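Some notes on the structure that comes next.
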Amino acid sequence: MHRGEVMSRMGKKAAPAALVLLLAGCGPAHAGMRNPPSLVLWGMSFNHATIIHCAIAAAAAYILVRLLAVNLSRDHPRRGQVVLETIVDTFLVLARQTIGPKRGGWYLPYIGSLFLFLFACNMMSLFPVPNLHFGGETFNDYNNNGLYDPGEPFIDMNGDGVHNPGFQFPAFEEPTTDLTLPLTLAVIFVVILGHGSGIRFHGVRGYLKEYFSPGGLIGIGMFPLNVVGKLAELISISFRIFGNIFGGAIIMSTVSGLLHYFVAPLGMYGYFSVFCGVIQAFVFTMLATTYISMEAAEDPDPGHGDA
Amino acid sequence: MGIANVAALIACALAMGLGALGAGLGLGNVARASLRSMARQPAKDPEFFRYMLVGQAITETPAIFALVVSFLLYFAGGRALEAPNSPAQSLMFLSAGLCMGIGALGSGIGSGLVAKEALEGMSRYPSSQGQLAILMMIGQAWTQTGGIFALVISLFMLNGGGFNQLSGANDPLLWGSIPISAGEILGIARFAGAGIAMGFGAVGSSVGIAYIGCSACRSLADVPEAGQRIKSAYFIGSATAQSPSVFALIIALILLIRG
């Protein structure tokens, strides 16, 4: 397949993929660690900061790719085109090596946009956008962090007994530091894409057979363990990126606090935000590809087997 | 300020101290292998340096997890707690710290071993570099699953998992000469049990998966044509080697949720 063809296919599938990624911010947010939830509906709590940050990151990834793909040329590629082709080639090779030469191309748009989205998410703390507060009543900011914490009472300015928080534009921070986003992405990529393609390629019977994996009486005994093993995949893939990015954010805010916010620790931002952010985004993408390949891998071609 | 605050601060130190141990050993192993590879293939110097950095960044993950738990414990230690003198809450902090600290040990050592083997393989067969780099990252990530389970249990304990469900915390019971209620004794047992189960349960299977990753990297470097079969055997083998730490996770969650 020619590179330009791959890129045009990627562009056609980018819109649904971006929609799926946008939905990722709207999960139950009680697992969030940094911001308190801003809305509780039907037992689920929503965090408007995560949703807004996800939307911004998805838009930024889309715009970045569109900007890099301007004026494509076969003979005289611009610098942006070379960068984009390198990214596409890397993930095409990854998908073909892990999933298979025929099916790999089908998964490329999903894998590629997952990486670009996570990359944009992890880079968000590089842009120093502060908290902006529009309308509503102010609150006693006891710990002076500019955020509303549950312990801080609102000042009821118009005396109607109702706290009107107004709208608060959240300061930029990586949405991956909220567990909701990695967990939702893990559900999308491991459960929907991975197990979905398991059902697609092996049928419902073949898919369910995996849960009784050694077969026979032992297989029936192993069923609960296999189910927990599948759940453990979700836990491990989502907590990995969450813990890494959250840890980096804690380190950087602590060091910035020790420097009294006077000097930006640029080296630490370079390592923990840029370097670790890119690597963790890549590791998440690669693990998602691996989990998909465990369900969807092609049988090795007998013609190219061990000679 | 009470005994629970003291416990939280001690646990903060334990988590970071033990968590740094394994990752430090692993990081040294990665750098050692990359120095040997640079000496063997001087022309590929910058690539080995790059892979060393990538391998070290992933090896550091358990230490970063330990740092997260350590900071959360530090903040908890400085806060006015609801039950500052509760033995159960003190045990909760202590075992959250111990769980993360011990759980990070095996992951740190193991990820270093995988990266070492992959870098040595790259220096012997530079043509299979790209494939080895991907296998190295997958191997390191799977090695760290035990450490991630420990992080999950620690965070669960620190977010009050189970602590609000303590029953009978107020009925007094004379236990030896110490006046302590039944609910408190139950809480102590639950938190200590969950921390011990998950912390020690993570170490063995992390190192075990690292052994599989090591030999997968070595085999892929030696026989690149058998890559697909090596990978599928490796995936199944490490999924099986993972099950002991999954058992530990189940027991820890049962102890925390059901009591």
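Structural remarks
- Normalised per residue, the volume of the convex hull around the Cα set of region A:196-307 (Å³): 158 Å³
- Comparing B:Gly24, B:Gly204, B:Gly78 in a Gaussian network model of chain B (Cα springs below 10 Å), the most mobile by mean-square fluctuation is B:Gly78.
- Highest mean first, the peptides B:67-73, B:214-220 sorted by other C-beta atoms within 10 Å per residue fall in the order B:67-73, B:214-220.
- Debye log10 I(q)/I(0) at q = 0.22 Å⁻¹ for region A:56-97, Cα point scatterers: -0.78
- Residue by residue along B:46-55, Cβ atoms of other protein chains within 10 Å of the local Cβ number 1 on average.
- For A:Val129, distant residues with modelled amide H under 5 Å away: A:Phe172
- Peptide A:273-283 shows a mean partner chain C-beta count of 3 within 10 Å per residue C-beta.
- The mean count of C-beta atoms from other chains within 10 Å of the C-beta of residues in B:135-143, rounded to a whole number, is 3.
- Per-residue 3J(HN,Hα) values for region B:108-118, derived from phi via the Karplus relation 6.51 cos²θ - 1.76 cosθ + 1.60 with θ = phi - 60°, read x, 4, x, 5, x, 4, 4, 5, 4, 5, 5 Hz in sequence order (x marks Gly and Pro).
- Most mobile of B:Gln41, B:Gln144, B:Gln89 in a GNM of chain B (Cα contacts under 10 Å): B:Gln41
- In the structure shown, the pairs A:Lys209/B:Lys231; A:Lys102/A:Lys209; A:Lys102/A:Lys230; A:Lys209/B:Lys116 are assessed against 31 Å; a Cα-Cα span above that value is assigned to A:Lys209/B:Lys116.
- With the alpha-carbon atoms of region B:1-48 aligned to their principal axes, the span from lowest to highest coordinate is 61, 14, 7 Å, starting with the largest.
- Loop-located chymotrypsin sites (Phe, Trp or Tyr not before Pro) in region A:245-292 (DSSP state not H, G, I, E or B) with no more than 11 neighbouring Cβ atoms inside 10 Å: A:Tyr261, A:Phe262.
- Between the Cα long axis of helix B:61-77 and the first principal axis of chain B there is an angle of about 20°, rounded to the nearest 10.
- Exposure proxy ranking, count of Cβ atoms within 10 Å, fewest first, for A:Met123, B:Met16, B:Met92: A:Met123, B:Met16, B:Met92
- Helix-derived mean residue ellipticity, 222 nm - over chain B, DSSP H n ≥ 4, -39500 (n - 2.57), to 500: -28500 deg cm²/dmol
- Amide H contacts under 5 Å for A:Phe46, placed H, 5+ residues apart: A:Ala29, A:Ser38, A:Leu39, A:Val40, A:Leu41
- Cα-based equivalent ellipsoid of chain B: semi-axis lengths in Å, sorted from largest, via gyration tensor: 43, 18, 10
- Put a dot 7 Å past the Cα of B:Ala182, heading toward its Cβ, do the same for B:Ser127, and the two dots end up 7.3 nm apart.
- Residue among B:Gly19, B:Gly213, B:Gly227 with the largest mean-square fluctuation in a Gaussian network model of chain B, springs linking Cα atoms under 10 Å: B:Gly227
- Expressed as a fraction of 2.2 N^0.38 Å, the C-alpha radius of gyration for region B:25-152 is 1.35.
- Based on alpha carbons, the Rg and Dmax found for region B:21-96 are 20.0, 63 Å.
- Neighbourhood net charge (15 Å Cβ-Cβ; Lys/Arg +1, Asp/Glu -1) for B:Ala8: 0
- 3J(HN,Hα) couplings calculated from phi for region B:120-126 with the Karplus curve 6.51 cos²θ - 1.76 cosθ + 1.60 (θ = phi - 60°) are, in sequence order, 5, x, 4, 6, 7, 10, x Hz; Gly and Pro show x.
Bear in mind that the values in this text are calculations on the coordinates, not laboratory data. Please read all numbers here as calculations on a predicted model, not as lab measurements. When we count neighbours, we look across all protein chains shown, and the Cβ atoms used for this are built from the backbone with ideal geometry, even at glycine.
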